[in-house]
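FYI, it's all coordinate maths here, none of it is from the lab. The model shown is predicted, which means the values in this text are computed figures rather than measured ones. Cβ atoms come from the backbone with ideal geometry, glycine included; neighbour counts cover every protein chain shown.
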Amino acid sequence: MKKSIFVLALSMSILTMHAQNDRTALEGTRPGDNWSIELKAGAVTPLTHSSFLKNARPAFGFGIGKQLTPIFGLGIQGMGYVNTSASKTAFDASEVSLLGKVNLMNLFGGYMGEPRVFEIETLTGIGWLHYYQNGPGDTNSWSTRLGLNLNFNLGEEKAWTFGIKPAIVYDMQGDFSKTKSRFNANNATFELTAGLTYHFICSNGSHHFTTVKPYDPVEVGELNDAVNRLRSQLSDKDMQLSNAVQQANNLQKELADCRTQAANIETVVKTNRIPESIITFRQGKSVVDASQLPNVERVAIYMKKHPEAKVVIKGYASPEGNLAFNEKLAKARAQAVKSILVKKYKINDTRITAEGQGIGDMFSEPDWNRVSICTIEEGK
């Protein structure tokens, strides 16, 4: 008993030391967390004065466990020992015991936030032992159990544990009146079983304890201050954004006015004889608006009156968007004007050159550079 008290005190001190050093808190510590069930089977044989294998009898059991901490656990189990002799009883004995477990890996190595793949537990227990006899007069006794659990935690979630479980079970009454010792090897059996344990899911969403780092009040206060500063900055940004939206709306209105003005521009004369037409486009578009068709028609009329003339169409884009997209858009705008001249006005496409010039800088307002410029070249 003194040894057990010493081990318990040592374990608690080590657990406290780990908690202070790691500064972590456990999740999954509610009363309904870390419960498990176990099924196991194996063999039991007398510890002394018998053949180990010849006198072995089948054993099986069922248990329910509760892990109090990553180090300490409690459980209750029932064992049945099958009778293999000529006796008419189906069982030699049965045992119901209360168990205590200590996880040595977590005790000395600390808990890492999830079970290790392989762990060793020490096990002690006290229970009620019942002997079934061939005839009247079954006898009862009380027992103690000392053993190890060699556990292999399976799966990514560690929901299952396969264990190999050697143990020594003492009949604590036996021939005590003669030997004056409760822990008498002559009244003990060696038990070797293998078991499969399922761990129920916990309130933390896992099948085991998890660890978190707790924050102290000073740190929480600093974080709250930082959040409040960010909220204030966000409010300022919202105001700036509102102003920017208002400016954008004003610019959109100015742009619409500019487009209306651009629609009235029909021809810019390069010389007194040779016209130059400008066709404007909407932002991001390469379709000629109906309002711009008169400018295209002027080029067509001129080319029909002067069969020797050729036209060079150069498409441009405003600086919004990325360069690659603007280059494609500028070429598409030139091609759009060429397509109307060829398909609608039947101008031979050999007389038309359509080129994309990328981003234009002819006009001071960037929006005005969304154009295709048609320049007439007189034939020689």
>> Is there a quick way to get the dipole size of the chain? I mean about its Cα centre, with the Cβ of Lys and Arg at +1 and of Asp and Glu at -1; what is the value in debye to the nearest 20?
In response: 1060 debye
> For the pair E378 and V227, how long in nm is the line joining their label points, each one 7 Å along Cα→Cβ?
Replying inline: 7.9 nm
> In degrees between 0 and 90, to the nearest 10, how far off the longest principal axis of the chain does helix 217-263 point, with axes built from Cα atoms?
Replying inline: 20 degrees
> What order do you get for S286, S277, S94 when you list them from fewest to most C-beta neighbours inside 10 Å?
Replying inline: S94, S286, S277
> What nm value, rounded to one decimal, do you get for the distance between V218 and K343 when each label is placed 7 Å out toward the C-beta?
Replying inline: 7.5 nm
>> Just to verify a number: FRET efficiency for L293 and A248, C-beta to C-beta distance, R0 = 45 Å, to 0.05?
In response: 0.90
> Just how many pairs of Lys in the stretch 34-123 have C-alpha atoms closer than 30 Å, counting pairs that are eight or more places apart or on different chains?
Replying inline: 6
> Out of the DSSP beta bridges found with both residues in the stretch 266-377, what percent are antiparallel (nearest 5)?
Replying inline: 70 percent
>> Show me the trypsin sites (Lys or Arg not before Pro) within the stretch 58-113 that DSSP assigns to loop and that have at most 14 other Cβ atoms within 10 Å of their Cβ.
In response: K88
> Given R₀ = 25 Å, FRET efficiency for A194-L68 by Cβ-Cβ distance, to 0.05?
Replying inline: 0.50
>> Explain nothing, just compute: Karplus ³J(HN,Hα) = 6.51 cos²θ - 1.76 cosθ + 1.60, θ = phi - 60°, for every residue of the stretch 320-326 in order, whole Hz, x for Gly and Pro.
In response: 5, x, 7, 5, 4, 5, 5
>> Could you tell me which residue out of I126, L234, A188 lies farthest along the dipole of the chain toward its positive end? Charges go on the beta carbon: Lys and Arg +1, Asp and Glu -1, centred on the Cα centre.
In response: L234
> Roughly what angle does helix 2-22 make with the longest principal axis of the chain, taking Cα atoms, 0 to 90 degrees, to the nearest 10?
Replying inline: 10 degrees
> Calculated from DSSP H runs of 4 or more alone, at -39500 (n - 2.57) each and per residue, what is the 222 nm mean residue ellipticity of the chain, nearest 500?
Replying inline: -10000 deg cm²/dmol
> How far is helix 293-305 tilted off the main Cα axis of the chain, in degrees rounded to 10, range 0 to 90?
Replying inline: 50 degrees
>> If you take Cα extents along the principal axes in Å from the coordinates, which of (1) 137, 54, 31; (2) 171, 99, 37; (3) 62, 44, 40 do you get?
In response: (1)
> Arranged from highest to lowest average of other beta-carbon atoms within 10 Å per residue, in what order do the peptides 102-108, 201-207 appear?
Replying inline: 102-108, 201-207
> What is the sum of charges around T197, taking Lys and Arg as +1, Asp and Glu as -1, for the other residues whose C-beta is under 13 Å from the C-beta of T197?
Replying inline: +2
> Based on the Cβ-Cβ distance of A25 and L241, what FRET efficiency does E = 1/(1 + (r/R0)^6) give at R0 = 45 Å, to the nearest 0.05?
Replying inline: 0.65
